[in-house]
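Below: one structure, written as structure tokens.
Only the coordinates and a few stated rules stand behind these numbers; no lab work does. Quantities reported herein were computed from a predicted structural model and do not represent experimental measurements. Cβ placement follows ideal geometry from the backbone for every residue including glycine, while neighbour counts extend to all protein chains displayed.
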Amino acid sequence: MASREREPMWHSVWQIGQQDMKKFDLKSIMDAHDVFVHATCMIYSTSLYNRGVTDEFKIELTKHIALLLAAMSDPSMHMCRRAAERLRSTLQSTYHKEPIGNEVADLRRRILDQAETVYCITLSPQEQDLFEPKEHLLGAEVAAKLPEVAYDVLEAAKCLSLSRYTAAVFHLMRVMEIGVQRLGAKLGVDLAKEKNWQNILDEIAKALKPLSTRDANTKLFSAACNHLYSVKVAWRNEVMHPKQNYNADETEAIYWNVRAFMRDLGKLL
């Protein structure tokens with residue numbers, strides 16, 4: 001879940017923009033910069049290329065230019081792209097080390113200048129799993145039977161990965177409202193307008209009482225109710241509405257209990 005200590009992950013970073021966050025490949029950029037530093041040293045610190053650079057030198061730089069251009073596809077990095085394209089063009093047109101060295105140096109400066117203008121965040125592997133889940137966080141059954149919760153589930157996970165705990169709970173509240181309504185409908189109880197946790201639990205308990213304990217579904221309903229009670233306890237609010245602020249521990253408890261309740265519900269629907 002959300003880690004307490006931030007672990008840098010250099011394979012990718014997220015640039016914060018006005019509307020959304022943009023992902024770009026930082027590792028390719030840093031690798032290319034390292035190659036350009038090495039190339040600069042080779043050109044200016046030795047006499048190796050006094051008669052011109054080699055084809056091998058050109059091939060290596062061209063390969064990293066391609067990786068750099070792919071990593072800098074975002075329009076905000078157009079100045080770096082122009083410098084990279086100019087270096088690629090120079091490599092195609094000459095073997096002389098001076099013009100090549102000048103373009104390499106210019107590109108390096110632009111990469112560093114670009115780095116100063118970008119505000120980035122890093123995600124630990126655990127946080128990335130929440131920010132970019134590889135599968136539906138509530139399982140395939142919930143995804144198929146309750147597609148309307150997909151947006152809020154993803155947004156809750158993203159908020160949790162970014163330590164925006166209260167925002168995560170607001171999204172989880174929307175998930176729970178739908179889940180409670182669907183559970184009530186399954187039991188023949190109208191909970192659409194009910195917001196008090198205890199009232200919700202009481203109404204569900206009444207609906208469960210006449211059901212046969214031998215029925216497999218009754219056990220599933222009971223398990224769902226147990227998780228619903230755990231959600232209520234984690235919520236720390238008698239009404240199905242978030243309090244003013246939530247910390248990491250409270251939000252994680254709510255997330256896992258909502259997840260368990262919704263997965264049980266998915267089996268019942």
Label-to-label distance, nm, for residues given as M42 and K206 (7 Å Cα→Cβ offset): 8.1 nm
Tell me, in nm to one decimal, what length is gained between R51 and R86 on full extension, where the rule is 0.36 nm per residue of separation less the Cα-Cα distance? 10.4 nm
Using alpha carbon centers only, the range 128-201 is separated from the range 203-269 by a whole-angstrom value of 11 Å
In whole Hz, the Karplus estimates of ³J(HN,Hα) for the range 80-92 (6.51, -1.76, 1.60; θ = phi - 60°; x where Gly or Pro) are 5, 4, 4, 5, 5, 5, 5, 5, 4, 5, 5, 5, 6
Where does each of 144-151, 50-57 land if you order them by average Cβ count within 10 Å, highest first? 144-151, 50-57
Once the Cβ-Cβ distance between N237 and H96 is put in as r, and R0 is 51 Å, what FRET efficiency do you end up with, to the nearest 0.05? 0.10
In what sequence, highest mean first, do 109-117, 235-243, 180-188, 80-88 appear when ranked by Cβ atoms within 10 angstrom? 80-88, 180-188, 235-243, 109-117
MRE, 222 nm, helices only [DSSP H, n ≥ 4, -39500 (n - 2.57), over the chain, to nearest 500]: -21500 deg cm²/dmol
Along the positive direction of the dipole of the range 127-269 (beta-carbon charges: Lys, Arg +1; Asp, Glu -1; about the Cα centre), which of G266, L211, C225 reaches farthest? L211
Could you point to the label whose value was computed as P(r) over Cα pairs in 5 Å bins from 0, in percent for the structure here, given (1) 1, 5, 11, 13, 11, 9, 8, 7, 6, 6, 5, 5, 4, 3, 2, 2, 1, 0, 0; (2) 1, 6, 12, 16, 18, 15, 12, 8, 5, 2, 1, 1, 1, 1, 0, 0, 0, 0; (3) 1, 6, 13, 18, 21, 19, 13, 7, 2, 0, 0? (1)
To the nearest 20 debye, what is the magnitude of the charge dipole of the range 58-103 about its Cα centre, counting +1 on the Cβ of each Lys and Arg and -1 on the Cβ of each Asp and Glu? 80 debye
Set of lysines with alpha-carbon distance to K186 below 23 Å, sequence-local pairs under 8 removed: K145, K195, K206, K209, K219, K232, K267
Distance from a point 7 Å along Cα→Cβ of V118 to each backbone N in the range 72-96: keep the residues under 20 Å and list them by number. 72-88
